[in-house]
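Notes for the one structure printed next.
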Amino acid sequence: MRAMVKDGIAIFAPQGFLDGNNGNFFLSIEDIEATTKLKVDMVLVSLKKVVFFNRNGLETFVKMLLKVRAANHATVGFCDIDHKKFEAISRFYENDLNFSLFKTQEIASLFAASFKNQSKNVLVYSEDKSQRAAMAIELHDNGHNPIVAQSEAEYHEKAKAQNAYDIIIDNTYLGVMGQKVATRVTGNAIIYTVSSFLDAEIGNTFNIAYHNNSLNVGFRLFIFDAYKVVSMNVHALNFFSKLASSGAEYNAAICFVGLTFEKTPIAFKETLEDAGMLFFDHMDDILQNKELLHELGASSAAAVKNKRALNKAIVTELPNFIDATVATIEMMTNATANKETAKVCTIEIIDKEDKIASSIGFYGDIDGMVVLVFPLSIAKKACALLIGENTDDKEQVLDTLAELVNIVGGKIKTLLADEKISVNITLPRTYTDVDGLLEVVHDKKGVQLDLKFDDDKFLFFLTR
Amino acid sequence: MITTEKLNSYITKIPPAPQALRDTLHLLNLGDLTKAAKIASDDLALNSYLKNLMHKSIYGFRNEVSDISQIFGILGVAGSQQAVYNYMISLLSPSKWVLFKLNATAFQNLQAELSVNWKKILAHLNINDKDIQSAITLLPASIIISEALFSEKIENVKLLRSASAIDLNTILKRLCGMDLFDICEKISQKWEMQGNIAKIVQAASGIKPQDDKNIDMLGKWMHLLLFYTLSKPSLVEAGLNDFIDFQVEYVMDIYDDFSSVIGVS
């Protein structure tokens, strides 16, 4: 099967039933080779005429798409997917959704660089906040006017005014974004959801690498949403005790919310409290209590004994990190970046006034952390693009910065994947001031690059 | 390139059923399996075809079935009639396939897959009609005609398809005014099948509803069965999957029933 190319988009259109038995027969090696040589912005597989598919059936196409992306950096994914298909693919590739999903070919074309018909009014909605932000940025970058609905209710309300928008985007996912492991909330808390029976299996299902890297990035508050937990046994108790002890090394707070002790021995609670675990009845007890939230999630100097040095592997990839960062900030601010100085040092921030910061960790084949220090003016510009208006609400600015850094992380992940370096990214951590950031990274050596966007200075720091 | 005249000449070449086969079909129509088996036994080629057919895995017989009367007994009246039609179609099969990567065995497997699953569908729909059961045999016949038409101009066909996302069926229609399903209709007339059989096959195109609730319903099931079968690995590899344009919306209301009847997992 060969792709049909139109307006810089190559589209495969399999039809019928797609399963593990026949998937390989839709694409030959020659078909894949021919696709990698296409000069296109986007390679898509249309599922319009596929009535049944399973993960094994999609796998051949996914492998082809990733190979094409590695070869020519095209945007790759599936299109013509209704809500049911969107849900199915999201479920199949829950932690590994590194390609895009577009509801229609028309929506996909909005994200293609060679799409000529610009200035569309586009209503955007996704359950995932990062996705909403990423779509808005890409659309804006392509010359469209995105209007982002921040909630499902707002989306339905806005969508009623059909004539107000040229296109309405839902059931769409941009695959360049990082994977969703946990939920971030304002106040730099990471929420993990656990449910049913907690036993020895928690050691396998909990992503400890992600957690450790989140600690390394500077997250200090971790909340286990345990409303749906039925009971916990001694193996899970040991696991959480160890987690709490290891978190103490970073002065991290780990909380359980909504855990009942009807079927779990109350003695377990005491053991966990001894290990430093906190218990709350309701999520709002933490999230609505700004003072407590700040106290629990505040940065603090980590008493980590093993300092990690920069290595060759990470420095070799420095251009990828810088490219991802610059491209994203340029998109967000509509300004051109000039690289000034680059040096290996501990982070040096001369003027700390009116600056906020954000960091994101990556781990896998290589690991480390990217820190970005923004002047408030750049941060506000970014907010204007995502929210649609200027804002002085610092919390909102910080949230937006988190999205921006998440996009940077997603781009880094994609660029590294093209070089067959597999990494995952943590959630972004934000800092209301430079001092908070310095508590985490002041003694870490890294590569510091000063960038200039128009008249604004901006700092990039890569460390481990 | 491919003209209407050429297409008609291919259809004309379809041999009318030999006398032995006509007698067999006539007796099957009357429900006389014993006499039909006796006449069929005289045709050695049909004998061999039926034995091979019964050994296909889709029929799932453990022991060898070699006697024609035994085969007819197992298949029943409608199944036997369908098998004889399939045999007649296999007589048209080219010795070497050019456009579609098929051979005699793969083609027989296609016939068997369609026949067995169509029988399941008709049982589910509580339809016990010999002619309707035989309707499914026309689709493979049309595939043979299309192969014959296209194989002479294979390079032109490939070029045309590389330039536009166009299915072979549409090319056929645009070039000679007849598509796969029109060819099915012609063959059914040639073989003097009931008029409603042609209508069912036309409805199975997914784009030519017949304004008859029952016929259109059967057409839907046949359309989906066609795509289920053409999604089999060997037939995808053969290039048959994108022969015709799949009309997903047309079949969505029966998809769940289809899945449970055929056992899609």
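The values are calculated or read from the model by the stated rules, or taken from the named source; none is laboratory data. Because the structure is predicted, anything quoted here is derived from the model rather than measured. Backbone-built Cβ (ideal geometry, glycine too); neighbour counts: all protein chains shown. Just so you know, the surface numbers come from the protein's heavy atoms only, side chains and all, with ligands and any DNA or RNA stripped out. Shrake-Rupley method; radii C 1.70, N 1.55, O 1.52, S 1.80 Å.
Could you give the size of the charge dipole of the stretch B:139-248 about its Cα centre, using +1 on the Cβ of each K and R and -1 on the Cβ of each D and E, expressed in debye and rounded to the nearest 20?
60
I need the calculated FRET efficiency for the pair A:D393 and A:T346, taking r as the beta carbon distance and R₀ as 30 Å, to the nearest 0.05.
Calculated value: 0.40.
Per q in 0.23 Å⁻¹, report the Debye log10 I(q)/I(0) for the stretch A:2-88, using one uniform scatterer on each alpha carbon and no solvent.
Values returned for q = 0.23 Å⁻¹ are -1.16.
Quick one: accessible surface of A:F25, probe radius 1.4 Å, all protein chains present, in square angstrom to the nearest 10.
80
Counting partner chain Cβ atoms within 10 Å of every residue's Cβ in B:227-238, what's the average?
6
To the nearest 0.05, what FRET efficiency results for A:R91 and A:D418 with a Förster distance of 22 Å applied to their C-beta separation?
Calculated value: 0.25.
Run the simple label-point estimate for A:N311 and B:K101 please: 7 Å along Cα→C-beta, distance reported in nm.
Taking the simple label geometry, A:N311 and B:K101 are separated by 4.5 nm.
Under the definition of Cα pairs under 8 Å and six or more residues apart, what whole-number percent is the relative contact order of the stretch B:196-251?
After rounding, I find 30 percent.
Can you pull out the trypsin sites (Lys or Arg not before Pro) in the stretch A:231-270 whose DSSP state is coil and whose Cβ has at most 12 other Cβ atoms within 10 Å?
Answer in residue order: A:K263.
Which one of A:A236, A:L38, B:N86 has its Cα pushed farthest toward the positive end of the charge dipole of the protein assembly as shown, where Lys and Arg give +1 and Asp and Glu give -1 at the Cβ?
Of the candidates, B:N86 comes out farthest on the positive side.
In debye to the nearest 20, how big a dipole does the stretch A:1-148 give about its Cα centre with +1 on each Lys and Arg Cβ and -1 on each Asp and Glu Cβ?
Dipole of the stretch A:1-148, to the nearest 20 debye: 220 debye.
Using helices alone, what [θ] at 222 nm do you get for chain A, with -39,500 (n - 2.57) per DSSP H run of 4 or more residues, divided over all residues and rounded to the nearest 500?
That calculation yields -11500 deg cm²/dmol at 222 nm.
How much length is gained on full extension from A:D435 to A:F197, taking 0.36 nm per residue of separation minus their Cα-Cα distance?
81.5 nm
How far is helix A:234-248 tilted off the main Cα axis of chain A, in degrees rounded to 10, range 0 to 90?
The angle comes out at about 80 degrees.
Chain pair B, A: how much accessible area is buried, both chains summed, with a 1.4 Å probe, in Å² to 100?
Separately minus together, B and A give about 1500 Å² buried.
A:L292: accessible area at probe 1.4 Å, nearest 10 Å²?
40
Relative to the longest principal axis of the C-alpha atoms of chain A, give the angle of the C-alpha long axis of helix A:318-333, reported between 0 and 90° and rounded to the nearest 10°.
Approximately 80 degrees, to the nearest ten.
In nm, to one decimal, how far is the A:N121 label point from the A:A159 one, both placed 7 Å along Cα→Cβ?
Those two pseudo-labels are separated by 1.8 nm.
Answer rounded, prolate or oblate for the stretch B:210-265, using the Cα gyration tensor with square roots of eigenvalues a ≥ b ≥ c: rounded when a/c is under 1.5, else prolate when a/b is larger than b/c, else oblate.
Oblate shape, in that a/c is at least 1.5 and b/c is the bigger or equal ratio.
Can you list the lysines whose alpha carbon is less than 28 Å from that of B:K35, not counting same-chain residues fewer than 8 positions off?
By straight Cα distance, B:K35 reaches B:K51, B:K56, B:K119, B:K120, B:K130, B:K190.
In nm², what is the average projected area of the convex hull enclosing the Cα atoms of chain B?
13.8
Using +1 on the beta carbon of Lys and Arg, -1 on that of Asp and Glu, and nothing else charged, what's the dipole of the protein assembly as shown about the Cα centre, debye to 20?
2280
For a quick check of your reading of the filter: which GluC sites (Glu not before Pro) in the stretch A:81-172 sit in a DSSP loop and have no more than 14 other Cβ atoms within 10 Å?
A:E94, A:E127
Could you state the number of Å between the C-alpha centres of the stretch A:136-162 and the stretch A:26-84?
27
Between A:E262 and A:N145, how many nm apart are label points set 7 Å from Cα along the C-beta direction?
5.4
Projecting each Cα onto the charge dipole of the protein assembly as shown (Lys/Arg +1, Asp/Glu -1 at the beta carbon, about the Cα centre), which of A:F17, B:F181, A:M135 comes out farthest on the positive side?
B:F181
Around A:A324, what is the net charge, scoring Lys/Arg as +1 and Asp/Glu as -1 over all other residues with Cβ under 12 Å from its Cβ?
Net charge around A:A324: -2.
How high is the relative contact order of chain A? Use alpha-carbon pairs under 8 Å, at least six apart in sequence, and give a whole percent.
About 13 percent, as a whole number.
Over chain A, with every protein chain in place, what whole percent of the accessible area is carbon and sulfur at 1.4 Å, could you tell me?
Accessible surface attributable to carbon and sulfur in chain A totals 48 percent.
Can you tell me the 0 to 90 degree angle between the C-alpha axis of helix A:55-72 and the longest principal axis of chain A, rounded to 10?
90
What is the Cα radius of gyration of chain A over 2.2 N^0.38 Å, N being its residue count?
Rounded to two decimals, the normalised Rg is 1.01.
Using 0.36 nm per residue, how much length does the chain from B:T170 to B:N214 gain when fully extended, once their Cα-Cα distance is taken away?
Full extension from B:T170 to B:N214 adds 13.2 nm.
Just the accessible area for B:M222, please: 1.4 Å probe, Å², rounded to the nearest 10?
B:M222 exposes around 0 Å² with every protein chain in place.
Just checking the output field for A:44-53: average partner chain Cβ neighbours within 10 Å of each residue's Cβ?
4
What ranking, highest mean first, results for peptides B:110-123, B:40-53, B:79-92 when packing means the other Cβ atoms within 10 Å averaged over each residue?
Ranking, from highest mean packing down: B:79-92, B:110-123, B:40-53.
Full extension from A:D323 to A:K6: what is 0.36 nm times the residue separation minus their Cα-Cα distance, to one decimal in nm?
Stretched fully, the A:D323-A:K6 segment lengthens by 111.2 nm.
With r as the distance between the Cβ atoms of A:N21 and A:D454 and R0 = 45 Å, compute the FRET efficiency 1/(1 + (r/R0)^6) and round to 0.05.
For R0 = 45 Å, the calculated efficiency reads 0.20.
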